[in-house]
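The values are calculated or read from the model by the stated rules, or taken from the named source; none is laboratory data. Note that this is a predicted model, so its numbers are computed, not measured. Cβ placement follows ideal geometry from the backbone for every residue including glycine, while neighbour counts extend to all protein chains displayed. Surface accessibility is based on the protein's heavy atoms, side chains included, excluding ligands, DNA and RNA. Shrake-Rupley method; radii C 1.70, N 1.55, O 1.52, S 1.80 Å.
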Amino acid sequence: MKKLITGLHHITALASDAQKNYDFYSGVLGLRMVKKTINFDAPEVYHLYYGNENGSPGTIMTFFPYSGIPRGRKGKGQLTVTSFSATVDSMDYWIKRLDRFHIKHEAPQKRFDDELLIYLEDNDGLGIELVFNKRDTRKGFTYGNIPSEYAIKGFYGITLAVEGYEKTARLLTAQMDHEWITEKGNRFRYSVSGKPGDYVDILCSPDAMQALPGAGTIHHVAFATANDTTQLEARERLLKAGFNPTHVIDREYFHSVYFREPGGILFEIATVPPGFTVDEELVHLGQSLKLPPWEEPHRKSIENKLPTIQLDLHKFID
Ligand code: ZN
């Protein structure tokens, strides 16, 4: 069957403080802000996008920072951990760096024999892993605040906590072009490419509490598709299998279809084009507030409601 899904596209989460969010993802982790825009469904809230230098799909982590919202609860029916990839030699560097910025993290652990990882949380408690591995051949990106040999290369993969793994696994393999890669205990790994970057780990979690939305939780995960045609084909496949995808929604930088997977997690299928350079030059990505055309007439009042955010890069240089 033709591959309609090509990997991860972006992951979107809820945060409570735009400046702290910027400081952590760009400052501490060294990701580039590739777009500063608003939540198209709630224009008084930012939508901040972080990624690699080119804003490539598969590196994009996005946030809706709703000022002061309470924390959510981790649990089943949720993407609980977002994993970023770095070289195996960078682990000591990252431990020192996390300690320097007082970022809560656990001791290194091993997974699937060839992965070393550290679990940490951002200031809202969002679950993150740095996975140190030899197989990722992508180049890392940093503003210059992190030596390039230690820089994050993009996503390593994601962890979905669900009641039972079978139905979600079946969706991934039957409708979404994933293959089984490996499994251990209650962790079942799937991937489109078999390479670091698009691993989807399903964590069978029948005893976990039900997840609750709020700061520090993931809102949805988007998978990439090549273009509008493949998106419609993917949507058709989902419909035939009994899922309930939305119509195509224009998100300015990609076109989106949303649906709920059997474990309760919101999935999106997003097109690779037009991409983040549709409304600003590559060199200027993320520097100024971008609004969709229909909000442009309200720019003044939108700008007045949004908090000013700025990265003091100096503080984050190693
Ligand atoms: Zn999305």
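Is there a residue in the range 222-245 that is within 28 Å of D17 (Cβ to Cβ) and within 16 Å of the ligand (Cβ to nearest atom)? Yes, because at least one residue in the range 222-245 is within 28 Å of D17 (Cβ to Cβ) and within 16 Å of the ligand (Cβ to nearest atom). Just one residue in the set S90, S56, S85 is within 16 Å of the ligand (Cβ to nearest atom) and surrounded by 15 or more Cβ atoms within 10 Å (Cβ to Cβ); that residue is S56. Among residues of the range 221-237 that are at positive phi, none has a beta-carbon under 8 Å from a residue that is assigned to a loop (DSSP other than H, G, I, E, B) and surrounded by 20 or more Cβ atoms within 10 Å (Cβ to Cβ) at least six positions away or on a different chain. If you go through the range 3-46 and pick out every residue that is open to solvent by 20 Å² or more (accessible area, probe 1.4 Å) and within 13 Å of the ligand (Cβ to nearest atom), you end up with 3.
Any residue at all in the range 185-192 that's part of a loop (DSSP other than H, G, I, E, B) and surrounded by fewer than 16 Cβ atoms within 10 Å (Cβ to Cβ)? Yes - at least one qualifying residue is present in the range 185-192. Scanning the range 138-155 for residues that are without any contact (Cβ under 8 Å) to a residue 40 or more places away in the chain and part of a loop (DSSP other than H, G, I, E, B) yields one hit, K139. For the range 254-274, a residue qualifies if it is open to solvent by less than 20 Å² (accessible area, probe 1.4 Å), under 16 Å from the mean Cα position of the chain (by Cα) and either touching a residue at least 60 places away in the same chain (Cβ under 8 Å) or within 16 Å of G51 (Cα to Cα) (or both), and the qualifying residues are F254, I265, E268, I269, A270.
For the range 289-299, give me the residue count where each residue is open to solvent by less than 40 Å² (accessible area, probe 1.4 Å) and assigned to a helix (DSSP H, G or I).
Looking only at that region, the number is 1.
For first residues located in the range 300-314 and farther than 17 Å from F24 by Cα and open to solvent by less than 60 Å² (accessible area, probe 1.4 Å), partners that are outside any loop (DSSP other than H, G, I, E, B) and hydroxyl-bearing (S, T, Y) and lie 6+ apart or on another chain with Cβ distances below 7 Å form the pairs L306/Y46. Residues that are more than 19 Å from F112 (Cα to Cα) and at pLDDT below 95 within the range 164-205 comprise just one, G164. If the condition is being of a type in the set (A, V, I, L, M, F, W, C) and more than 20 Å from the chain's Cα centre (by Cα), then the range 145-165 contributes only I146.
The condition of being closer than 28 Å to D136 by Cβ, of a type in the set (V, I, T) and under 18 Å from the mean Cα position of the chain (by Cα) holds for only one of T217, T173, T182, T168, that being T217. Note on the range 219-243: residues that are outside any helix (DSSP H, G or I), of a type in the set (A, V, I, L, M) and open to solvent by less than 20 Å² (accessible area, probe 1.4 Å) total 3. Restricting attention to the range 129-148, the residues that are touching a Gly at 6+ places or on another chain (Cβ under 8 Å), open to solvent by 30 Å² or more (accessible area, probe 1.4 Å) and over 11 Å from G197 (Cβ atoms) add up to 3.
Scanning the range 279-288 for residues that are surrounded by 12 or more Cβ atoms within 10 Å (Cβ to Cβ) and in a helix (DSSP H, G or I) gives a single hit, L282. For first residues located in the range 87-98 and within 13 Å of E149 (Cα to Cα), partners that are open to solvent by 10 Å² or more (accessible area, probe 1.4 Å) and assigned to a helix (DSSP H, G or I) and lie 6+ apart or on another chain with Cβ distances below 6 Å form the pairs S90/Y150; Y93/Y150.
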